[in-house]
1. If we keep just the residues of the range C:242-256 that are touching a residue at least 40 places away in the same chain (Cβ under 8 Å) and in contact with a Gly (Cβ under 8 Å, 6 or more places away or on another chain), which is surrounded by the fewest Cβ atoms within 10 Å (Cβ to Cβ)?
2. It is to be established whether one or more residues within the range B:133-140 are crowded, with 16+ Cβ neighbours inside 10 Å, under 20 Å from B:PRO213 (Cα atoms) and free of Cβ contacts under 8 Å to residues at least 60 places away in the same chain.
3. Could you please tell me which pairs satisfy a Cβ distance under 6 Å, a separation of 6+ or placement on different chains, a first residue in the range A:5-32 that is crowded, with 21+ Cβ neighbours inside 10 Å, and a second residue that is assigned to a helix (DSSP H, G or I) and not aliphatic (A, V, I, L, M)?
4. If I filter the range B:162-177 for residues that are more than 7 Å from chain A (Cβ to nearest Cβ) and of a type in the set (Ser, Thr, Tyr), do I get at least one hit?
5. Given the residues B:GLY50, B:GLY45, which is the only one that is at positive phi and in the same structural domain as B:LEU131 (by TED's automatic domain parsing)?
6. In the range B:58-88, which residues are part of a strand (DSSP E or B), of a type outside the set (Val, Ile, Thr) and within 19 Å of the chain's Cα centre (by Cα)?
7. Please find, within the range C:252-285, the residue that is farthest from the other protein chains (Cβ to nearest Cβ) out of those that are touching a Ser or Thr at 6+ places or on another chain (Cβ under 7 Å) and outside any loop (DSSP other than H, G, I, E, B).
8. Which of (1) in contact with a Gly (Cβ under 9 Å, 6 or more places away or on another chain); (2) under 18 Å from D:MET17 (Cβ atoms) is the odd one out, the single condition D:GLY113 does not satisfy?
Protein chains: 4
Amino acid sequence: MTGTIGFVGLGAMGRGMADSLLRAGHVVRVWNRSPEPVAALAARGAEPAGTLAEVFAADTVVSMLADDETVERLVLDRALLAGAAATLHVNMATVSLALAGRAEAAHAEHGIGYVAAPVLGRPPVAAAGQLNILAAGEPALLARAEPLFAAMGQRTWHFGDRPRQANTAKIGANFLLACAIESMAEACSLAEANGVRPTDLIELLTATLFPGPVYTGYGAMVAERRYEPAGFRLPLGLKDVGLALDAGAASTVPLPFGGVLRDAFLDALAHGDGDKDWAAVAAVARRRAGLPD
Amino acid sequence: MTGTIGFVGLGAMGRGMADSLLRAGHVVRVWNRSPEPVAALAARGAEPAGTLAEVFAADTVVSMLADDETVERLVLDRALLAGAAATLHVNMATVSLALAGRAEAAHAEHGIGYVAAPVLGRPPVAAAGQLNILAAGEPALLARAEPLFAAMGQRTWHFGDRPRQANTAKIGANFLLACAIESMAEACSLAEANGVRPTDLIELLTATLFPGPVYTGYGAMVAERRYEPAGFRLPLGLKDVGLALDAGAASTVPLPFGGVLRDAFLDALAHGDGDKDWAAVAAVARRRAGLPD
Amino acid sequence: MTGTIGFVGLGAMGRGMADSLLRAGHVVRVWNRSPEPVAALAARGAEPAGTLAEVFAADTVVSMLADDETVERLVLDRALLAGAAATLHVNMATVSLALAGRAEAAHAEHGIGYVAAPVLGRPPVAAAGQLNILAAGEPALLARAEPLFAAMGQRTWHFGDRPRQANTAKIGANFLLACAIESMAEACSLAEANGVRPTDLIELLTATLFPGPVYTGYGAMVAERRYEPAGFRLPLGLKDVGLALDAGAASTVPLPFGGVLRDAFLDALAHGDGDKDWAAVAAVARRRAGLPD
Amino acid sequence: MTGTIGFVGLGAMGRGMADSLLRAGHVVRVWNRSPEPVAALAARGAEPAGTLAEVFAADTVVSMLADDETVERLVLDRALLAGAAATLHVNMATVSLALAGRAEAAHAEHGIGYVAAPVLGRPPVAAAGQLNILAAGEPALLARAEPLFAAMGQRTWHFGDRPRQANTAKIGANFLLACAIESMAEACSLAEANGVRPTDLIELLTATLFPGPVYTGYGAMVAERRYEPAGFRLPLGLKDVGLALDAGAASTVPLPFGGVLRDAFLDALAHGDGDKDWAAVAAVARRRAGLPD
């Protein structure tokens, strides 16, 4: 058992993950920008932390923050890292490869072990401790993190000894998600314009070639034009496509589907769909074809 | 039970389908351009037909031909249809919407019922009588065809009372297949260029977000760069993408993923991969990124 | 001087071209589907022909028809060619490479010389005898045609001894035109969304990097959103992009800009802009960006 | 006449621009990261500056730096701006709209007038004082800058009173340049694959539809596959396409041609063409089509 675990970022995902750690018997010290989630976790046995420095006084820190900017501002702070007693930071956010590199370097500079462990799964899955965890980092550090992963996830997937490898896998997974949605959007528009009910097409596909949660869940949303409430907001989808495109640019990997996705998401934003689920990219395919909203 | 069933086209798919009809107790009269499959089916109890006219003397005709051109030449022949005794033709080929329209009109002109019933499934599935059958046409005609579908398939999916609706669904399904392959091709190139083994990425994805035969089967081919032997040859894939693009053009449905697919398949053909599986489109993604063959 | 020249197709372009031949002193026998242009040319000294056979009784035939379908139906008629006295047919239409090949073969079969000579220039340029003529065919045939070209055009450009080479050049030129329009459409949307007047951007560009009729003329239409009256209707633009894409498909040349153009033109048609100038593709770029019509 | 002009950035462009100011009789104080160009300009009458602070002690500062990063590091330095006596900074670099916004804000904060004035023209044009200058900023500031523009350019184009408007126009111009090159690359591949010499096609086009320096100059490079020496290096082209895509992303303007360009440039970089002219994007089009290098 590790000692106290610091936990940063109690958003929709993080609160369930921290709670999973508590349920597994870990001592968890939590910090969040807004105080409510801290209080809620404290009521369940967590230690509330008033500052990030208190969190980084723990032996191991887990963070689950929203994006590059937040990670950079909060946990790549030089003073914070310089003063940290922590010897392991497990960053579970979905971040860019560029940030992954800077984070690795910053932690190395301050002698803090650094592991990347982004996840697959929505908030209910996080709350149930059933995430899929994509992990990369030095083997010894991963071994230290494994009990935490076991508490938060159903399975840990290893991608190598460099943190950025896990971020790459996560970016690739999200890219495939976006591609699946767009391909269903185009196919459903083609179907409808030719007299086939999109729901009939999706029912066929998910019962045969494309079982599983993505085609079933997003397929229904696309076919039924049901984009609210948002399970995953469209601007986040655009951000994730951007992570793939940026990773491609830095490694000279053209991603023609990625370019199409980018344009489709921008088109959706330009038409006011920024608060809808990223399945609303289907409305773009419909509009291009002159189909009614 | 219907009377004698004429069957045209004993290719890799058609021979299994005709055999399924035989096994179900139907009297089947078979014709094929080359004689060997006719003899093989005759040995299993089919009646060999020397001419297409003999086939169209049967009450019901099923055809399973390669493409538009073959369908047009063989079974849309005016003299053949004018002299036919058949009152129902079940066309199970994957054809264009334009051909679907011409076929419907030609049969109507000659008072022959016409149903479109393309299928999902490879030759072993056809041989086992376990196809998924996508059917459209007048309800009374579909009812007549249902015993045949029951013999050849595990399930019949209905898309409407106009034959072209079934062709639309089939084109949509193949379009999604091609999109899935290309998206994995791009994601695997991105992964490899950033130090992640494509097989690791595919293993993660197929165990979580993307179960099912398409991501599992093609994912392995893409990740392992195993494009031979061809289960479905690349030029056929280009043809199917072309069916989608043509359908989109005729119904003013832009298909930006379709345009990317078209270019990728052409690129593969330009590099001599015409005899490989359409998963070889992954080699295009790799080449674009400067990754080794 | 050649003998009587048969002329088929007195549309907006053809009438000016036939008139140019008359002005140069040629004896011209004219045919058109509708009679009015025949009468008008006859009033200027042309011989009216009642049938295509009368035209093909002339030594040399020039045709200027709308598209593949019209060329195939009218002048690739086997009976017409078999009965023709003509020894040279100069086909000045913009046709597909596939048709170019069939036309060359059909004429060869009947011992008629065949030259392709599509043109650059709008109707007023045709009327003034100032076209640019893109010619290909056997040198001896081109030499025979040169006096006709001299009457109709300001300059003849030679692309080789196979007719399809001239058609290729014409398809390439139209492709570049469409690309220029789309690129200005995108740039003007980007400008406007960022507070720059499109007219200011186009004024800069045409005065510096991009002089000439295309950027000046279409640039003004794009920047001012002036798509009517149509100088060149949008469906014709889609047809021309299709000729490029089909030529690319047949020769395994991916054309990613072509795919984008195709989708943009379809989008325009889906929104009812089929009677507007192909510069209306700019409305698609604006709509994608959420800019007002 | 303004007082002393500080000038930052004596690269291939900047040295010609500073020299133009000298020739027009201005007192110019110059700074550059490497000392050689400073010495060269000093030999022609400029005052060498040892620090950026000396430059910003001048009443008016002109800067011509390579990219966002350099601009941000050198001239958006808070200490530099806080200590500056300068009341006008004319930034002539090609930068992102995001940087343009930050620069405007930073100068406003320190009470320094800020004008954006990127240019069209290569180094010889800069040396001749014949640039086209794209200017935006407050009218009174532009009026102060006009004598400098008159010395460096043949004409000043005004895009509004917000600096970022000039940057937008410059980004739009470069985007159109890249589009023109790619469209010629695709058309020339199509031509060659169909038996037409690319040089013949380009000769036709530049003599008719597309006169002017871009089609003539880049057309020859594309058609002749002459990508060296680089007039404008390919990575700079990718950077400029990126500026357009980023501007589009921030203003929700999809740029499908931009996505294609991005992929083509990445493909070129992946194949080692980073030191070649951006016309080397034509090698990508050729490779996609299987044409020889």
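The values are calculated or read from the model by the stated rules, or taken from the named source; none is laboratory data. Bear in mind the structure is a predicted one, so any value in this text is a computation, not a measurement. Note that each Cβ is placed from the backbone with ideal geometry, even for glycine, and that neighbours are counted across all protein chains shown.
1. Once the filter is applied, the top-ranked residue is C:ALA244.
2. yes
3. A:LEU10/A:PRO37; A:MET13/A:PRO123; A:ARG15/A:PRO37; A:GLY16/A:PRO123
4. No: zero hits.
5. On inspection, the qualifying residue turns out to be B:GLY45.
6. Here is the first cut: in the range B:58-88, the ones part of a strand (DSSP E or B) are B:60-63, B:88.
Going one step further and asking which of them are of a type outside the set (Val, Ile, Thr), we end up with B:63, B:88.
Correct list: B:SER63 only.
7. So the first thing to find is which residues in the range C:252-285 are touching a Ser or Thr at 6+ places or on another chain (Cβ under 7 Å), and the list is C:253, C:257, C:266, C:269-270, C:285.
Next cut, outside any loop (DSSP other than H, G, I, E, B) only: C:257, C:266, C:269-270, C:285.
Details: C:PHE257: 6, C:LEU266: 5, C:LEU269: 5, C:ALA270: 3, C:ALA285: 8 Å.
For the range C:252-285, the residue satisfying everything is C:ALA285.
8. So D:GLY113 meets the others, but not (2).
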